[in-house]
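First the structure, in the form of C-alpha cells, and then the observations on it.
The values are calculated or read from the model by the stated rules, or taken from the named source; none is laboratory data. Small disclaimer: the values here were computed from a predicted structure and weren't measured. Neighbour counts are summed over all protein chains in view; Cβ atoms, including those assigned to glycine, are modelled from backbone coordinates with ideal geometry.
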Amino acid sequence: MSIVEFRNVTKTFGPVVVLREVDLNIDKGEVVVLIGPSGSGKSTLLRCINALEEINGGDLVVDNISVKAGRSQVRMIRQEAGMVFQQFNLFPQMTALENVAFGPRRVRGLSRLEAVEQAKALLAKVGLGDRGHHYPSELSGGQQQRVAIARALAVKPKLMLFDEPTSALDPELRHEVLRVMQALAEEGMTMIVVTHEMAFARQVGTRLIFMEDGKISVDGKPTDLLANPENPRLREFLQHVH
Ligand code: ADP
Ligand code: MG
C-alpha cells in the first residue's frame, strides 16, 4: 500500500535540474531516513510531497491524490502530509497552545473548544503539558520543535515529513526531539526524515535512502547500509557525518 509514489519525477529551478527522474514508493508505516550531501535535493523532494513545490515532469501521488490535480486536491495533500522544518517556524505571536490549536480550526473545522482540548492532549504527548501558555520566545529550541511537531500532528496527517528537525538545536536538546519522533514511529506513523542523526537512522529507520545530485543512489535497510556501505560515495559521506 503505497502512500507516496514518485513516478519519473523531474524538478527544475530555471536551468538547474534538482530532481532527476526520481522513482520512489513509500508504504504506510515506513520510517524513511533521507541523507545526502548539501544541495542533493533532499528538501526539494520533501517539499514536492506536500506540494510546496510544483514538479516539472512525471507524476507524484500522495495518498492516492496526484499533486498535478486541481487546487482543492492539492489542499487535501497538505492536510495529509505534516511538515516539520529545521527552524521550527512557530507563529511568534501565539502561545504554544494557540500554535497547536490554530490549524485544526481552520483546516479540519474544529470548534475552539475541541481544538484547545486536542492541543492540550498533543502538548502533553510531546512532554509539554505545562507549557501551553508560553510563547515560542519563552521556550528552548527543543521545546519549540516539540510544539512544531504537535502542531503538525494536530491536523491529523497520514504522513510526517521532517527536514533536519534537530540541526538547529544544541546537542543536549536534540534527543528530546528524537525521542518524540521515535514514539511517533512506534505508533506506526509513516515518516520521511532528512537528518544526519545516524543513531536515529539505525534504531528507528526502516529504510535509508542516499541522494546524490537529484537522484536516489542507494536505498536499503539502515542496519545493513550503515554496517557495510558498499557504495563508495555513501561510505565517504558517512565518514563525515559520524
Ligand atoms: P538539500 O536539501 O539536499 O541540501 P535542496 O533540495 O535544498 O538540497 O536544493 C537542491 C538544489 O536546488 C540546490 O542546488 C539548490 O540551490 C536548489 N534550489 C533549492 N530551492 C531553490 C529555489 N527556490 N530556487 C532556486 N534553486 C533552488
Ligand atoms: Mg535541505
Exercise. Quick one: how many residues across segment 76-102 are within 16 Å of ligand 1 (Cβ to nearest atom) and in contact with a strand residue (DSSP E or B) (Cβ under 8 Å, 6 or more places away or on another chain)?
Worked result: 4
Problem set entry | Which numbered condition K125 fails, given (1) under 21 Å from M189 (Cβ atoms); (2) within 16 Å of ligand 2 (Cβ to nearest atom); (3) surrounded by fewer than 21 Cβ atoms within 10 Å (Cβ to Cβ) | (2)
Seminar exercise, completed: Condition set among the charged types (D, E, K, R) and within 16 Å of ligand 2 (Cβ to nearest atom), scope segment 37-96, selection farthest from T195 (Cα to Cα): answer is E53
For this session: Would you check which residues across segment 1-34 are at pLDDT 95 or above, more than 12 Å from ligand 1 (Cβ to nearest atom), aliphatic (A, V, I, L, M) and surrounded by fewer than 16 Cβ atoms within 10 Å (Cβ to Cβ) and list them?
Result: none
Seminar exercise, completed: With criteria (1) in contact with a Cys (Cβ under 8 Å, 6 or more places away or on another chain); (2) of a type outside the set (K, R); (3) within 13 Å of ligand 1 (Cβ to nearest atom), P37 comes up short on (1)
Exercise. Among the residues of segment 187-216, which ones are assigned to a strand (DSSP E or B), surrounded by fewer than 20 Cβ atoms within 10 Å (Cβ to Cβ) and out of contact with any strand residue (DSSP E or B) (no Cβ under 6 Å at 6 or more places or on another chain)?
Worked result: E212
Exercise. Going through segment 228-239 one residue at a time, which ones are more than 18 Å from T195 (Cα to Cα) and either surrounded by 10 or more Cβ atoms within 10 Å (Cβ to Cβ) or within 25 Å of the chain's Cα centre (by Cα) (or both)?
Worked result: E230, N231
Exercise. Any residue in segment 170-178 that is closer than 25 Å to E80 by Cβ and either within 15 Å of ligand 1 (Cβ to nearest atom) or out of contact with any Gly (no Cβ under 9 Å at 6 or more places or on another chain) (or both)?
Worked result: yes
